[in-house]
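Enquirer: Supplied in structure tokens, the structure appears directly below.
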Amino acid sequence: MPIPSADSSMNPNWGAPCHRVNALSKTGVEMAKQTFSRSPALRGQIRVPGDKSISHRSLMFAGLAVGESRITGLLEGEDVLATAAAMRQLGADIVRDDDGTWRVHGAGLGSLVEPKQALDMGNSGTSTRLMMGLLASHGFSATFIGDASLSGRPMKRVIEPLSQMGASFEASSGGTLPLMLRGASSAVPITYRLPVASAQVKSAVLLAGLNTPGITRVIEPIVTRDHTERMLAGFGATLEIGEENGERVIAIHGEANLTPQDVVVPGDPSSAAFFIVAALLVPGSDLVIENVGLNATRAGIVTVLRQMGGQIEELNRREVGGEPVADLRIKHSVLFGIDVDPAIVPSMVDEFPVLFVAAALAKGTTHTRGLEELRVKESDRITTMANALTSVGANVEEHEDGLTIHGNGGDLLRGTANARVKTHLDHRIAMAMAVAGLVSRDGVSVDDTAPIATSFPTFMDLLAGATS
Ligand code: S3P
């Protein structure tokens, strides 16, 4: 078998947020180096874990509804477990049954309790920013901490609107974690026009609005993933979604009363993307990925890979948990370089690392622009991927807002030989470069695969299975 099997860090930890990465960043001793080698075809059927964005929201919203909600298909990755642990600290009762169903008894909106300890968000920006929104309109204090990656990420983008609503903050210099939030006991509704295209900022304001009397409005000049709006409506909140001057406007009525729900979480398109690209690149592949969420605000990667010539067929299109879903059949394809339309960026913001790998093997040049937000993800994904791809023999030019990649026409990449790709605690860099290893002559060594467990704990096992 060409793919090494999973190491011990891949086991999800059901109970508490994971402190591994903090220890790692200080000592560097537990890094899980792994080499990914040239692979035979990917074949058969696989199922990727539940959608990360929907999983976070299902635990949060269920934790606000009085009564029992049941969640199936929840992603049991470290990021989502950090959200579960935080919701428990805030008073929600959350248990996992042996069959994988999660049962949540919510504390009730407005009845969350002050956490006794700091909320440890691990590597998760989504947990942090959404939870800051939630707590901004609850009249107590909370401290947020996280790993080295999260502690470098910008929080001013949520601090600013939440301060306007009445919350106050003591953040580390530069507006980062660790930070202390003091929620407003009587928050005021605002109208906020998003200065960055961010579903996390949109969601933080809407969640603060849930427990704020009156109507809180978010104006979204560029549409971002809409799971918060869809799911809050499903949990019984009153929302109005309209358009003003060509911009999307979401209005939420507070103080809301959420009712418990049964949530079915569809498979994560962001996780599926690594296998879609792997199957497109490795000759002879014919792979089915079941149950992939294809919400239009998330499915940009499928559109772009098709524009590049990728054969991706949708089978059995249906609805799961109120989201469009299909099984995807992917066959090895000759890919061609394209100019990626910047307008599609928000619907595939997390998929650029693996798209860059696809572009490195395409015929011709791929231009990407409008990717400034990639610089403030778990790592600076523009520079990290430029360095990583260059180190394996790809031809890449870095710009302030994107990469230009001159594809090799479908040859093998050289690989890293003795060097290791630096992933900077970024799960998606590790997985993207694992895919690069499958189409390399000398293999690709990745310095640390442990962060993959934040979003895709079964990645190694699925890769081993699909290529055996
Ligand atoms: C997410 C939104 C995106 C995405 C992140 C998940 C969410 O971040 O990168 O992985 O669940 O709302 P931004 O909204 O900051 O772009």
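Readers should treat all values here as calculations from the given coordinates under stated rules, not as data from a laboratory. What you see is a predicted model, and the numbers here were worked out from it, not measured in a lab. In this analysis, Cβ positions are derived from the backbone assuming ideal geometry, glycine residues included, and neighbour counts consider all displayed protein chains.
Enquirer: Assign unit charges at the C-beta atoms only (+1 for Lys and Arg, -1 for Asp and Glu), then state the dipole size of segment 385-430 relative to its Cα centre in Debye, rounded to the nearest 20.
Expert: 340
Enquirer: Quick check on segment 341-387: what does the Kirkwood estimate of hydrodynamic radius come out to from the alpha carbon pairs, in Å?
Expert: Hydrodynamic radius (Kirkwood, Cα only) of segment 341-387 equals 11.1 Å.
Enquirer: Take the alpha carbon gyration tensor of segment 43-180, find the square roots of its eigenvalues, order them as a ≥ b ≥ c, and report rounded if a/c is under 1.5; if not, report prolate when a/b exceeds b/c, else oblate.
Expert: It is oblate, given that a/c is not under 1.5 and a/b is not larger than b/c.
Enquirer: A further question on this structure: Going down the list K116/K156; K33/K363; K331/K363; K52/K377; K116/K422, which pairs span over 27 Å between their C-alpha atoms?
Expert: Where the Cα-Cα span goes over 27 Å, the pairs concerned are K33/K363; K116/K422.
Enquirer: May I pose another question? So if I place +1 on the C-beta of Lys and Arg and -1 on the C-beta of Asp and Glu, and nothing else carries charge, what would the dipole magnitude of the chain be about its Cα centre? I want it in debye, nearest 20.
Expert: 440
Enquirer: When the Debye formula is applied to the Cα atoms of the chain, each taken as the same point scatterer, what base-10 log of I(q)/I(0) results at q = 0.06, 0.13, 0.14 Å⁻¹?
Expert: -0.24, -1.18, -1.37
Enquirer: What does the convex hull of the Cα atoms of segment 105-167 come to per residue, in Å³, rounded to a whole number?
Expert: 88
Enquirer: Mind checking the angle between helix 78-89 and the chain's longest principal axis? C-alpha axes, 0 to 90 degrees, to the nearest 10.
Expert: Roughly 10 degrees, rounded to the nearest 10.
Enquirer: Taking the Cα centroid of segment 427-456 and of segment 73-103, what is the distance between the two, rounded to the nearest whole Å?
Expert: Here the two parts' Cα centres lie 27 Å apart.
Enquirer: Starting from segment 241-306, pick out the trypsin sites (Lys or Arg not before Pro) whose DSSP state is loop and whose Cβ has at most 15 other Cβ atoms within 10 Å.
Expert: none
Enquirer: Then there's this: Binning at 5 Å from 0, report for segment 169-312 what percent of all alpha-carbon pair distances ends up in each bin.
Expert: 2, 8, 14, 15, 14, 14, 12, 9, 6, 4, 1, 0, 0
Enquirer: Could you give the angle, 0 to 90 degrees to the nearest 10, between helix 381-391's Cα long axis and the longest principal axis of the Cα atoms of the chain?
Expert: So the helix axis and the longest Cα principal axis differ by about 20 degrees.
Enquirer: Now for a separate question. Based only on other Cβ atoms within 10 Å, what is the fewest-to-most ordering of T454, T101, T126, T384?
Expert: T101, T126, T384, T454
Enquirer: What is the distance, in nm, between label points placed 7 Å from the Cα along the Cα-to-Cβ direction at I215 and at V95?
Expert: Spacing of the two 7 Å Cα→Cβ label points: 4.3 nm.
Enquirer: State whether segment 201-279 is rounded, prolate or oblate according to the following rule on the C-alpha gyration tensor (a ≥ b ≥ c being the square roots of its eigenvalues): a/c under 1.5 gives rounded; otherwise a/b larger than b/c gives prolate, and the remaining case gives oblate.
Expert: Oblate, because a/c is 1.5 or more while a/b does not exceed b/c.
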